[in-house]
Structures are given as structure tokens and as C-alpha cells.
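Asks: Okay, here's the structure, questions in a sec.
The values are calculated or read from the model by the stated rules, or taken from the named source; none is laboratory data. Source: prediction; values computed, not measured. Methodologically, a virtual Cβ is constructed for each residue, glycine included, from the backbone with ideal geometry; neighbour enumeration extends over all protein chains shown. Each accessible area value is taken on the protein alone, full model and side chains, heavy atoms only, with ligands, DNA and RNA left out. Shrake-Rupley method; radii C 1.70, N 1.55, O 1.52, S 1.80 Å.
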Amino acid sequence: MALDTKHAVYAAILGDILVAITKGGAAALTGSSSMLSEAIHSLVDTGNECLLLYGMRRSTRQPDRAHPFGYGRELYFWSFIVALLIFALGAGAAFYEGVTHLLAPNPIEHPFVNYVVLALSLLIQMASWIVALRTVRQSKGTQSYWTAIIQSKDPPQFIVLLEDTAAIIGILIALVGTWTSVTFHEPRYDGIASLLIGAVLAAVSIILARESKGLLIGERADPILQQAIVDMAAKIPGIVSVNGIVTTQLSPQTVIAALSLEFEDSLSVLQVE
């Protein structure tokens, strides 16, 4: 596991803890539904990143008799669990808060506190987001960010980036929800903001679940890596041609490759071995 990826996860944990504390205090003081949704979102993100660290550590265990190819896919399993938690806890709580606030709207008290906390949270979240963005930028090469996320074999990289992006969007939605509720004296706008935050989290969780699931059930290695293996095999003396290659990704740094090779007819069985 790349050290930069771990740094990005640690930065995200620190940022989410700070943000969750400030948002939770503001939600208790102001009674804002969107602020409470954001506080829950930050708590869920903190737990998710701890699970990612756990998965990263478990995936580095050495192969044994029960698992001769190692434990690399544990990282993909825990990444999939994180995606489910974002949907079940993050999006679910936001939707619940939004519907509750629409059915029983209460005006936001001390809105200035919301503004200060949201501004502070935005600064903290931006710092974490920049760390995650730099980590992805270092590994994406000439690809676009979206292509890099879709083709990445290292889930913690894109999970942290997408989580932080969703957090920033959620803060902006909460800010707009607070402002419209106070300006137009309509507390239901705050509930609508909570529903929008839930929609953002649901969309992110679907993307993460789809990508993590693909890696968990077995995804081919990067085509560039596959071609490099074929080219390397073709240069070995005694091999006439490489008829095909099948690969599967076991972890961000581990790939299994099976090749179909045609050997020179003059080679003995011993030489082929």
C-alpha cells in the first residue's frame, strides 16, 4: 500500500473528527436539520476511514495454506463495506432528518453560529481534500480524474477523494439551506437541504460500491501492465508467440497472470519447464 494513500486517509480522519465536533455543537445550539445531517456525515466518514485503515493493514498479511494468494482482497471487501455504510448511515440519516424537518419544521436559532461553523468546516475539509487530490494526481498519469477513479486498483485513494468532495458539496448545500431558511423565514428549506445532502451521499456510495464490487469479484489488471507482461514473455528464448493472457487483480500491488504460450518445436519438455 502506497505511503501517500495512508497519509491521505490519516488527513481525512483528522479533518472529519474536527469537523464532526464543530458541526455537532452547532446543530445542538441552532437546531439546524442540515447541520445535524452534516455532523452525522462527518462521523460516518471518520468511521469509514478507520475501516479503510483496518482493511489496508489486513491486506498486507503474508500468504498461508488457507490463502495461498494472500489477503489482498480484504482491502476490496472493506472498501465495499464503506460504500454500504455511506448509503445506509450517511444518506439514510440525511433523508430521515430532511423528512422529519419537513413534517415538523422548526426555525434555525443563532444562524450566525451555523455560518461560522460551516466556514470553518469548509476550510478543514478543503485541506483534507487537497491531500487526497494530490495523492490521486500522482498516480493518475495522463488520465482524467474520472478515468483514474474508474480504472484505479487502489480503492482508498478514490474513496477518500470522493468522500471529501461529497463533504464539501454537503457543506455548501447546508450553507445555502441555512441562508434561505433564515432569509425567507421558511424552515422547510433547511429540510430540503438535508434531503439534497442525502442525495449526494447516495450518489457517491453507488459509485464507490460499483467500483469496489468490480475489484472484489475479480477485475483484470491494467491493459498496459498486461501488454508489458506479454512483451516480456515474447522476448524469452524458445517462445515463438504469446497466444493470450488472463489476469486478475488481487491487491493494488499484486496481480496473477496466466499465459498461453507457443514454444519452439525443437525444445524438450525439460527445456520448456
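Asks: Taking the simple approach of a point 7 Å from Cα along Cα-to-Cβ for both ILE206 and GLN271, what is their distance in nm?
Replies: 5.9 nm
Asks: Which whole number in µm²/s is D for region 10-74 by Stokes-Einstein, with the Kirkwood Rh taken over Cα pairs at 4 °C and 1.567 mPa s? List each step's numbers first, then the result.
Replies: Details: Rh = 13.6 Å.
This corresponds to a translational diffusion coefficient of 95 µm²/s.
Asks: Quick check: residue separation of HIS67 and GLU264 times 0.36 nm, minus the Cα distance between them. What number comes out in nm? Mind showing how you got there, number by number?
Replies: Values: separation 197, 0.36 × 197 = 70.92 nm, distance 3.55 nm.
Length gained, HIS67 through GLU264: 67.4 nm.
Asks: To the nearest 20 debye, what is the magnitude of the charge dipole of region 59-153 about its Cα centre, counting +1 on the Cβ of each Lys and Arg and -1 on the Cβ of each Asp and Glu? Each step should come with its number before you reach the end.
Replies: Details: 7 positive and 4 negative charges, 126 e Å.
I would put it at about 600 debye.
Asks: While we're looking at this one, here's another question. Can you list which of the chymotrypsin sites (Phe, Trp or Tyr not before Pro) found in region 110-202 are DSSP loop residues with at most 11 other C-beta atoms within 10 Å? Present the calculation step by step, with values, prior to reporting the outcome.
Replies: Working: sites: PHE112, TYR115, TRP129, TYR145, TRP146, PHE158, TRP179, PHE184, TYR189; in loops: PHE184.
Filter output for region 110-202: PHE184.
Asks: Report the Rg/Rh value for region 172-235, based on alpha-carbon coordinates and the Kirkwood definition of Rh. Could you put the intermediate results ahead of the total?
Replies: On the way: Rg = 23.0 Å, Rh = 15.5 Å.
Looking at region 172-235, the ratio lands at 1.48.
Asks: Here is a further query. Considering every pair of different Cα atoms, what Kirkwood radius, in Å, is found for region 220-273? Could the numbers behind the result be given before it?
Replies: On the way: mean 1/r = 0.0827 Å⁻¹.
One decimal place: 12.1 Å for the Kirkwood radius.
Asks: Okay, moving on. Alpha carbon centre of region 206-235 versus region 49-73: separation in Å?
Replies: The two parts, judged by their Cα centres, are 19 Å apart.
Asks: May I pose another question? State, as an integer percentage, the relative contact order of the chain based on alpha-carbon contacts under 8 Å between residues 6 or more apart. Provide the component values of the computation, followed by the final result.
Replies: Values: 430 pairs, mean separation 64.6, N = 273.
Relative contact order here is 24 percent.
Asks: Here's a follow-up. Compute the angle between helix 33-58 and the longest alpha-carbon principal axis of the chain, please, reported from 0 to 90 degrees and rounded to the nearest 10.
Replies: Computed tilt is about 20 degrees.
Asks: Averaged per residue, what accessible area in Å² does region 184-273 show with a 1.4 Å probe, protein chains only? The partial results should precede the final answer.
Replies: Working: 5320 Å² over 90 residues.
Heavy-atom accessible area per residue stands at 59 Å².
Asks: Based on Cα coordinates alone, diagonalise the gyration tensor for region 53-135, multiply each eigenvalue by 5, take square roots, and list the semi-axes in whole Å, largest first. Don't skip to the answer; put the middle values down first.
Replies: Working: eigenvalues 320, 79, 12 Å².
Gyration-tensor ellipsoid for region 53-135: 40, 20, 8 Å.
Asks: Among residues other than ASP45 whose Cβ falls under 14 Å from its Cβ, what is the net charge (Lys/Arg +1, Asp/Glu -1)?
Replies: -4
Asks: Using the alpha carbons of region 45-187, what is the convex hull volume per residue in cubic angstrom, as a whole number? Kindly include the intermediate steps, with their values, before the conclusion.
Replies: Working: hull volume 18.8 nm³, N = 143.
Spelled out: Cα convex hull of region 45-187, divided by residues, is 131 Å³.
Asks: Summarise the accessible area of the chain (1.4 Å probe, protein heavy atoms) by the percent that is carbon and sulfur. Each step should come with its number before you reach the end.
Replies: Working: 9290 of 13720 Å².
Ligands and nucleic acids excluded, carbon and sulfur give 68 percent.
Asks: Taking Cα atoms of region 100-180, Rg/Rh with Kirkwood Rh, to two decimals?
Replies: Details: Rg = 16.7 Å, Rh = 14.6 Å.
Radius of gyration over Kirkwood radius for region 100-180 works out to 1.14.
Asks: To the nearest 20 Debye, how big is the dipole of the chain about its Cα centre, given +1 on the beta carbon of each Lys and Arg and -1 on that of each Asp and Glu?
Replies: The calculated dipole for the chain is roughly 220 debye.
Asks: Right, next: Mind telling me which of THR178, THR147, THR248 comes out most flexible in a GNM of the chain, alpha-carbon contacts under 10 Å?
Replies: Greatest mean-square fluctuation among the candidates belongs to THR147.
Asks: Then there is this: Please report how far the C-alpha centroid of region 107-184 lies from that of region 3-30, rounded to the nearest whole angstrom.
Replies: 11 Å
Asks: Connecting C-alpha atoms closer than 10 Å in a GNM of the chain, tell me which of ARG61, ARG73, ARG210 has the biggest fluctuation.
Replies: ARG61
Asks: Oh, and also: How compact is region 127-273 by the rule of thumb for globular proteins, expressed as Cα Rg over 2.2 N^0.38 Å? All intermediate terms of the calculation are to be shown ahead of the outcome.
Replies: Details: Rg = 24.1 Å, N = 147, 2.2 N^0.38 = 14.7 Å.
Working it through for region 127-273, the quotient is 1.65.
Asks: Only Lys, Arg, Asp and Glu count, each charged at its Cβ (+1, +1, -1, -1), so figure out the dipole size of region 1-101 about its Cα centre, rounded to 20 debye.
Replies: Numbers: 7 positive and 8 negative charges, 83 e Å.
Its charge dipole is roughly 400 debye.
Asks: Follow-up question, since we're still on this one. Could you give the angle, 0 to 90 degrees to the nearest 10, between helix 155-183's Cα long axis and the longest principal axis of the Cα atoms of the chain?
Replies: Rounded to the nearest ten degrees, it is 20.
Asks: For the Cα atoms of the chain, what angle does the longest principal axis make with the long axis of helix 3-30, in degrees from 0 to 90, nearest 10?
Replies: Orientation of helix 3-30: about 20 degrees from the principal axis.
Asks: Over all directions, the average projected area of the alpha-carbon convex hull for the chain comes to how many nm²? Don't jump to the answer; show the numbers that get you there.
Replies: Values: hull surface 67.2 nm².
It is 16.8 nm².
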